[in-house]
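J.: Would you mind keeping the following structure in view while I ask a few things?
What follows draws every value from the coordinates through simple rules; no lab data is involved. In this text the structure is predicted, and so the values were computed from the model without any measurement. So basically every Cβ, Gly included, is an ideal-geometry build from the backbone, and we count neighbours across all protein chains shown.
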Amino acid sequence: MASTGPSRIPASPAPQLPDALDPPAPANSNQTAAKPITVLIVVPTLDEGSAEYGAVELVRILKSAGHHAIVAARSGRLIGDVIKLGGEFVALDVASKNPFVMLRNAVTLMRIARRRDCDVIHALGRAGAWSAALAARRRGIAFVTGWTKGFSENNPLKRFYNGVMARGDRVIATCDDIAELVHERYGTPWQRLAVVPISIDFAAFDPAAVTWERVSAIRRAFGVEPETKVFMVTGRLVRRKGHHVVVEAIKALKDRGLTDFVCVFVGEDRGNTAYTGELWDLVVAHGLMDFVRMAAPVRDMPAAYAAASVVISAAVQLEGVQRALLEAQAMARPVIVSDLAAGPDVVLTAPAVPDNRATGIRCPAGDPEALAAAVFRLMSTPEQARAAMGRRGRAWVIDHFDASMAAGRMLALYRGLAGGQPKSRREPR
């Protein structure tokens, strides 16, 4: 998320809400002296994705401090993580954009908030945010939204739909760039904006903790020979992630004579079969069937990163802070990013830093030739130099994306909101 340097966001004048970059209270401090906080987290699904992993992280933060977390979402593979951490799960179709379903969801969320005496409703998706906003307003409790990326806005209706994410009592962004985007697009006052960094489990994402057997199992699952290099792209198969740009870059690499690699797309399309079909058509048209794999989401992501020679994000839309890039660097993998995939607070690249401090390579978004050139340059670098780049990446994210820091900031924000919201009893029973 945000670097530990000075934020570009002005300090909030609200005394009960510390600025996002003020020194946080330790996450393990005595947070339970007062009544425990109960947060209702509304997220589209519990499958893979930045919002979904963010919801799990919120559960971990709250439960580790003695508070309560309830997650309302479509079911998915991360339900087990929520339950294991001590959170509660409520099956609710908050991913639906049907107005009648959204209104029904609002009534359900109001009832949950009343019965469980919730202090905050925290929405991590747009459709669910409309229901959450109505429920929070009727209940008289705090409404919080979380932005992990910039949303496309190609017409007034889409802008209105996205705008609910800027209407929270507190609007949380993963980095300064996203916070500035929200302020510029919607005029959200700076005092309602906060930057709270993503945190990574550095014990799980530690190259020293991943055995060769785990890596070999991943390579077999990908259908990749032991001596073949793996270029990995993680995340949902959606156009904004730039998978089509990667396919074009692979063709350019093949034309240059680089053939000892396989590019693996790790993710799912969540019903976006038109784009998946378009990608396969592109792969077939360019004769790249031997160079591209499309893999289902992987549970052992540390091993998947360990199997990769490089992790690529070719995003063509502003992404904010991508958890995958932090995890890849934590696993000491070099990364190649477009200029919309990651800011300088996430990946260190020339010319912003000297080559001997870089943790990756940056190229223009939507430019397959530039991406191919970046990959070719990295693969032409001696293995020792690539390993050094990976080690610098791990050191960078450990220093700047600390879990206890993020937890302290999030808990301080929740406490401030929970302490200043009188609750209404107007909602239907």
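J.: Among Arg392, Arg323, Arg185, which one moves the most in a GNM of the chain with springs linking Cα atoms closer than 10 Å?
T.: Residue with maximal mean-square fluctuation among Arg392, Arg323, Arg185: Arg185.
J.: Still on this structure: Which value, in nm² and rounded to one decimal, describes the direction-averaged projected area of the C-alpha convex hull of the range 307-378? List each step's numbers first, then the result.
T.: Values: hull surface 17.9 nm².
The number I arrive at for the range 307-378 is 4.5 nm².
J.: Non-local amide H neighbours of Val264 (under 5 Å, H modeled in plane, Pro and chain starts lacking H): which ones?
T.: Correct list: Phe231, Met232, Val233, Arg293.
J.: For Ala142, which sequence-distant residues (separation of 5 or more, or a different chain) have an amide H within less than 5 Å of its own amide H, given hydrogens modelled in the peptide plane?
T.: Long-range HN contacts for Ala142: Ile121.
J.: Round to the nearest 10 and give me the degree value, 0 to 90, for the angle of helix 99-115's Cα axis relative to the longest principal axis of the chain.
T.: Relative to the chain, helix 99-115 is tipped by roughly 60 degrees.
J.: For Lys63, list the lysines whose Cα falls under 29 Å from its own Cα; do not include residues on the same chain fewer than 8 positions away.
T.: Excluding near neighbours in sequence, the set is Lys35, Lys84, Lys149, Lys423.
J.: Most fluctuating residue of Gln384, Gln191, Gln329 in a GNM of the chain with Cα springs under 10 Å: which is it?
T.: The residue that fluctuates most here is Gln384.
J.: Would you please name the chymotrypsin sites (Phe, Trp or Tyr not before Pro) within the range 153-204 that are DSSP coil residues with at most 12 other C-beta atoms within 10 Å of their C-beta?
T.: Values: sites: Phe160, Tyr161, Tyr186, Trp190, Phe202; in loops: Phe202.
When the chymotrypsin sites (Phe, Trp or Tyr not before Pro) of the range 153-204 are filtered for loop state and at most 12 Cβ neighbours within 10 Å, nothing remains.
J.: Multiply the residue separation of Gln191 and Asp300 by 0.36 nm, subtract the distance between their alpha-carbon atoms, and state the gained length in nm to one decimal.
T.: Here the answer is 35.3 nm.
J.: Take Ser152, project a point 7 Å from its Cα along the Cβ direction, then tell me which residues of the range 299-318 have their backbone nitrogen under 16 Å from it.
T.: Only 314-318 pass the distance filter.
J.: I've got another one for you. Mind checking the full-extension length gain between Val238 and Asp290? Use 0.36 nm per residue of separation minus the Cα-Cα distance, one decimal, nm.
T.: 16.5 nm
J.: I need the shape label for the range 207-400. Rule: rounded when a/c is under 1.5, else prolate if a/b > b/c, else oblate, with a, b, c from the alpha carbon gyration tensor.
T.: On the way: a/c = 1.37, a/b = 1.20, b/c = 1.14.
Since a/c stays below 1.5, the shape of the range 207-400 is classed as rounded.
J.: Specify the inter-centroid distance of the range 77-142 and the range 267-331, based on alpha-carbon positions, in whole Å.
T.: Using only Cα atoms, the two centres lie 30 Å from each other.
J.: How long, wide and thick is the chain, going by the Cα atoms along their three principal axes, in whole angstroms, largest first?
T.: Principal extents (largest minus smallest coordinate, Cα): 69, 43, 42 Å.
J.: Any chance you could get the radius of gyration and Dmax over the Cα atoms of the range 123-263, in Å?
T.: 21.1, 63
J.: Next question, about the same structure. Given the options Ala373, Ala69, Leu58, identify the residue whose Cα lies farthest towards the positive end of the charge dipole of the chain (+1 on Cβ of Lys, Arg; -1 on Cβ of Asp, Glu).
T.: Ala69
J.: Next question, about the same structure. How far apart, in nm, are two points set 7 Å out from the Cα along the Cα-to-Cβ line at Arg220 and at Thr259?
T.: 2.8 nm
J.: Relative to the first principal axis of the alpha-carbon coordinates of the chain, what is the inclination of helix 50-64, with its axis defined by its Cα atoms, in degrees from 0 to 90 and to the nearest 10?
T.: The angle comes out at about 50 degrees.
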